[in-house]
Each structure stands twice: as structure tokens, then as C-alpha cells.
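Scroll down for the structure; my scribbles are underneath it.
Only the coordinates and a few stated rules stand behind these numbers; no lab work does. Keep in mind that what you see is a predicted model, and the values were worked out from it rather than measured. We place every Cβ from the backbone using ideal geometry, glycine too, and count neighbours over all the protein chains shown.
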Amino acid sequence: MSDIAVRPNFAGKLFGKLTLTLTNENLVFTHRGRKDKYLPLASVRTLFKVKKRFLGDELRLEGAKTTVRYRFLKSENVEALQAAANKIIRRHLKAYLQTVFTEFNDNVKLQYPKDSQEESLRSLIDSLYRDYSNYQADWQTMLSADAIAAVKDILSLYPFDMAKLRSYHEQMQLKARCGFFDTVESNPLTTEQRLAVLRSNDRNMVLAAAGTGKTSVMVAKTLDLIDRDLAKPQDILVLAYNRTASLELKARLLDKAQTHTIKLDTEPQIGTFHALGRQILQEAGRSTQISVFAENSAKLKAWIAQWIQEYTAEDAAREQLLITTLSVQEGRETQLSGQVLITASTELLTKALQAMRGEGLNRTGVAKRLTEAGIKPAGKIAGLLSALHKDYVNELKRQDCIDFDDLITRATELVEKGKFIPRWKFILVDEFQDISASRMALITALVDRAKANGVATSLTVVGDDWQSVYRFSGGKLSLTTRFGEVAGSYTETKLQKTFRYNNSIADTAGQFIMENPEQFRKSIDTHTKTDTPQIFLLDDKPGKENGVVERVAEVVSKIRSNEPASTVAVIARYNFLLDEAKHALSKQNLSNNVHFWSFHKSKGLEADHCILIGFSGGKNGFPGGGREETLIQALLPSSDSYPHAEERRLMYVGLTRAKHKCYIIADPVSPSEFVTELLSPKYNVSVVSAAISFMKSAEL
């Protein structure tokens, strides 16, 4: 297009007005041939108008708030410049709005609005509001009705508020995906589950109380991302706690994908942290040969026993240090020697080594932990443990092998150094409440490295802080309860609707766990309602040698007479109690369809009726009164300070395994602190024991 120039008239020249030239889609202002400034027409959001004035023509850009005037112009070429400029303005305005609509569609309608996009979305909406409010009259004539409707739709979210944008997205997708959510699992997803599926901020946490369907959320979220073409299967990484869980999750996902005819060109990567670590090491060309120590605990203990013999043979004072260390662990003076000392020390040092490896502690870190725990002599014990760790590492090198801790830590190092470049756009982590610091470091490294290479990764962690019970194997609850401090801003969704157990169990278990202020607050709603207590307190037939198992047999027999086909689980803190109960029920032919679970192993399982045993005071009671391993506790991840916090969570796990009724068999002579607490008026439990009723009246 040829340049079009409009010059000032005589009056304009007197006032020093400039010549206007339309060239290369810019309006250039010149004075005596020298360019003074220019106006890019691509940035203009309204049309030029021409006004005929006594002292010459006037070009105007009129707005509701501002009007720009170019006055004292010769009439020659004014209308030609107006027409050409307005043609350019119309084209750029439509292109601008198309960009706005596309960005809004991609980042608000289709995808969950992310924290990392907040400023760009704020700018988009604020700019659109500013332009439309100023030039609304012109836009009404320039744009189609559909375009105006789209503008108004976006501006319904002004003034900008991320919460409003997210609600807009959620309501739109809840409606659009209703059919998918209704059928992706055997039962329609709850509203909370649907929101957990849709929410894909940069960081997300799904807090799923027992029986609220977190696995359904993980399956549905993965399939939803693929079905809506927000991700290809290879863009998704799902990390499960163990191999069994990963296989179950994969099988369930593939089954649901087939049911919904969701085509998977390849499968999403579903596996464990160890499998991921192995993959990273292999792709980086590193050895992944696992030491026999990692797969055979007996061989590890044999090596440690040999190490103790060699360590103490070099210096007699070292044997005394071992005795001192054992005394610290047991909380009392011990005088052991010979093979007894070696055996006891082997058990202790095995646990200590595993704790050090899991927490990544060096000598300084160990000494610090011991000092903070008031353990003396901290420096010498740290030296002992550091020597063991050093020789263990050297032994792995001699074997040319690694252990399972190395799979995680070495993989993390490779990712941090850029030796492995992750490409996953979505990472989902199951059982996050039991994640260790080293595993969290690997996740962080993956997300950060992907970002450094231009891939924005959305991280979703799923778990239940109420069920964090694996501190002994490195689980660090604070990574869940203080997720924001670790990961930054995040979106939280709580799953609080359960179809497993009734409101009596939910209310009692929920109130019990929330006595600890460190736990998240949740309000559990149940599908099944009852007006009467479904948690029963029974005594263990005090004075009778086998009173506990006799009471268990009575309860099982009663359940069998009323509900022959129902399932029963006997749950205890310690395996020896389970063995005794199993033996007694087998002798009476009552063990059919009865499960025997430890509190830890019951996690994730359910039965129609559960019988919880072992509730007494003392060393083998629940909560334990004398099993605090002082030294090991100091080396494990930090715990919240609330009394018996982890055993309280174990109790919650046990209570919520029951679908219908839960029976707690307790010792009224040496009462458990937990049973004493449950007798307080704030808990609605049924006491079916005169001895325990006496305890309750005494408490009142």
C-alpha cells in the first residue's frame, strides 16, 4: 500500500502541527521532514473519525474516557487516510481479540488456571476491560454478535480474581464432563472427586480421608487429561507407594480406558519411586545392580555383626561405647557381652543405618539429631554410626552395587545435574502422606529440571495426613501438613464423602484424630447413616489368662450367627496378639472368612466388622508405653509433638477399616490411654462391659 500523507493547513503550521503519514501500518508524525513520533495502528482499539471544522479537518480517536484529536488538517487525503487506517485497525482488532479468546480458552476454559499464569491472565482481562469500556460504541459496530458475547463473557470475570477464574473453569467443566464423571467409575464421582480431577494448578494436594476414593480420582484424572487432549499418555507419570499398588492402579486404569473407549497409543508411566530411579540411572548409563543387602536383610545383618566384631576387636573402649549406645536405645542401663551384645547391637545398628540412609545423615547431621534429643555422648555415638555408614558404603562399592536408597538419591543427583531430562507435563503421587525427604527431593528435581527445559509440569499429590503411619521407614508427615512451605502456592481439594463406613464410625474416628492440632481439619460425610453408636467397647475378661482371645471368639461367633456371610478382621498392634487370636479361632472353627491384620497392614483394606485388640497400658499396650526407641527415634524424620501422634493415626486407620461395626476389646485393669479417652462424653461409643462402665463413671 502506498503511503498516504495529510498535512497541516495554514493554521496548523502556525500552531506547529505535524504532518501525518500512513506507512507500513504506522501513523508517522513528521515536522519539516523529520520524524517526531509514530502510532502503531496494531495497538489502536477504535476507529478514526473525521470532523469538518472551520479551521480545518480533524481526525479523532474517540473513547468514553479519552479522546485523541489531530486538528488543523488540510482536507486533501484525510478521508483516504481514515479509510485505510480503519481497515488496518479492524484487522488488528480482530487478530487481537482472537489472541485474547485463544489464550482465555486455553488457560481458563480448557485448562485449570495456574498460579504461574496469574499475571498474564490479569493483564489480559484488565487490558480487555480497559479497551472495551473505553471504545464500547465502536466495538459494537465493528464486531460480530458472537465476538461481543465472547468479550462480555470474559469481562464477567472483571475485576480480576483467580478464585473467580477457577470457579468459572470448574463450573464449565463440571457441566461439560458430567457424562464422563458419571460413568468413569462403577459409581458416579462425588463433586469433590470431580473437582480433584479438574484441578491441575502448578501444585495440587488432594486430601482423601479413609474410604473417600482417592484411587478413583487418580484413575479419572489420568483418563480425563488424555480424553480432553490436555496430555498424551507419555506426558503423564504416576508414582505409587509400592509395586502392588502400582500394578493395581495400572490394571484399573487400563480397564476403565477400555470401558470408555479412550484410545491409549501408549500407556501412562505408572510405577514406584524405585522403578523411576532405576529408569533414570539406566538412561544416564549408570549401574543399577542392587546389592544383596537390599534384598536379603539376613545377609545385611550378618555383615553388620561381622563389622561389630572387627570394630570392637580393635579397641576395648568401643565395646563399652556399644553398650552405652544400647542403653540409650532401651532407656536403661544394660550390661551385655559376647554374642548377646553382638546380636542386640546388630538389630540396633541395622535400624540406625537404615534411618541414616533414608534421611541422608552424615556424622554432623547425626550428632545434631542426637544432641537435640538430649542423647549423650552424642559425638561418640555419631562417630560409631558414621564409621558403620562409611564402611557400608565402601562395601557397596566393593560389590559394585547400590541399595534402594541409592536408587533415589543418585537419580536425584543426575536430574539436578541435567544428565536426565524429564518431559512429563503431569506428575501424580499417591500415598503422599508417607513420602520421605529423599523422594520429595526427587520430585522437586524433576519439576525444576523440566521447567528449566521449557516444560511446565503440574504436580498433584494425593494422600491423607490422618493415615500417615510409616515414619519408621522414612515417611515425613510435615511434607504433607506443611506442603505450602515446601512446594509454594497450591490448590487443595478435600475428599470428605465416604461410602465405606457409617456416620458413627466417621464421627468418632474423625474427632479422635483431630484432637491432634497438627492434623488437617476435615468434615466427613457418610453415605450410610445410623442413629446409634457402631463402635463398641468390651473388656478382655479381666482375670482370665486367655481373656482377650475368648472375647474375640465370642464376638466372631455372634457376628456369624447374625450375618454368616459377612467378613471380619481382627486388628492388633503386634503380631503375637494376632497369632494368639488366629490359633484360638482356628481351634473353634471360627477362622473362616476372618482376616488377621496389623494396624499397619490393614491400611487400604476393609471388612464388614473389625475387632481391635491389644488395648492396655504398659510396654506391649496400645499406645505403647515402653517401646520408644530413643536413639532410632532421633534419627527418623521429625514428628509432631502431640503425644502418641503416630499411634493415634494407627488407631484411626484401624477404626476406619470397619464398614458396619467396630469392636474394641480393652483391659479395664491396666487401661489404654486411648480407651480412657474414648470414655469421655465427647465420644459417642457403646460400652458393653460393666468393668469398662465402671472406668467411665470413675472418669466422670
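Some notes on this structure:
- The chain: angle of helix 316-330 to the longest principal axis, Cα-based, in degrees nearest 10: 80 degrees
- Ranking Leu47, Ile154, Gln140 by how far each Cα lies toward the positive end of the dipole of the chain (charges on Cβ) leaves Leu47 at the top.
- Charge tally for Lys419 (other residues, Cβ to Cβ under 13 Å; Lys, Arg +1; Asp, Glu -1): +1.
- Anchor Lys299: lysines whose Cα lies under 26 Å away (excluding residues fewer than 8 positions away in-chain): Lys351, Lys390, Lys397, Lys601
- Inter-probe distance in nm under a simple model that places probes 7 Å from Cα toward Cβ, at Thr371 and Ser120: 4.8 nm
- Taking label positions 7 Å along the Cα-Cβ direction at both Lys558 and Lys49, the computed distance is 8.8 nm, reported to one decimal.
- Residue list for the stretch 33-58, given a label point 7 angstrom along the Cα-to-Cβ vector of Ser75 and an amide N cut-off under 13 Å: 51-58
- Given Lys250/Lys603; Lys114/Lys497; Lys221/Lys494, the pairs whose alpha carbons are separated by over 22 Å: Lys114/Lys497
- Acute angle (nearest 10 degrees) that the helix 243-259 long axis makes with the longest principal axis of the chain, alpha-carbon atoms: 50 degrees
- 18 Å cut-off, amide nitrogen to a point 7 angstrom out along Asn187 Cα→Cβ, residues in the stretch 554-595: 567
- Residue-count net charge about Leu459 - beta-carbon cut-off 14 Å; Lys, Arg +1, Asp, Glu -1: +2
- Check: the stretch 1-176 dipole with +1 on Lys, Arg Cβ and -1 on Asp, Glu Cβ, in debye: 960 debye
- Unit Cα scatterers, Debye sum, the stretch 1-176: log10 I(q)/I(0) for q = 0.10, 0.11, 0.16 Å⁻¹: -0.50, -0.58, -0.94
- A DSSP coil position with no more than 12 other Cβ atoms inside 10 Å describes the following trypsin sites (Lys or Arg not before Pro) in the stretch 650-684: Lys682.
- Residue-by-residue Karplus 3J(HN,Hα) for the stretch 414-429, coefficients 6.51, -1.76, 1.60, Hz, glycine and proline x: 5, 5, 4, 8, x, 7, 9, 10, x, 10, 6, 8, 9, 10, 10, 10
- Using alpha-carbon coordinates, inclination of helix 78-104 to the longest axis of the chain, degrees: 10 degrees
- Summing charges over all other residues whose Cβ lies under 9 Å from the Cβ of Glu606, with Lys and Arg as +1 and Asp and Glu as -1, gives +2.
- Fully extending the segment from Arg521 to His583 would add 18.3 nm, taking 0.36 nm per residue of separation and subtracting the current Cα-Cα distance.
- Antiparallel %, DSSP beta bridges [both residues in the chain], to 5: 35 percent
- Prolate/oblate/rounded label for the stretch 292-401 (Cα gyration tensor, a/c 1.5): oblate
- Per-residue extension of 0.36 nm, minus the Cα-Cα distance of His600 and Lys301, leaves a gain of 105.3 nm for this segment.
- Near the amide H of Lys494, within less than 5 Å, lie the amide hydrogens of Leu207, all on another chain or at least 5 residues away, with H placed in the peptide plane.
- Using R0 = 51 Å, the C-beta based FRET efficiency linking Thr67 and His644 works out to 0.10.
- The calculated FRET efficiency for the pair Val486 and Asn684, based on their C-beta separation and a Förster distance of 35 Å, comes to about 0.40.
- Multiplying the residue separation of Lys232 and Tyr38 by 0.36 nm and removing their Cα-Cα distance gives an extension gain of 65.2 nm.
- Treating r as the C-beta distance of Glu395 and Asp153 and R0 as 60 Å, the FRET efficiency rounds to 0.35.
- Per residue, the convex hull spanned by the alpha carbons of the chain comes to 242 Å³.
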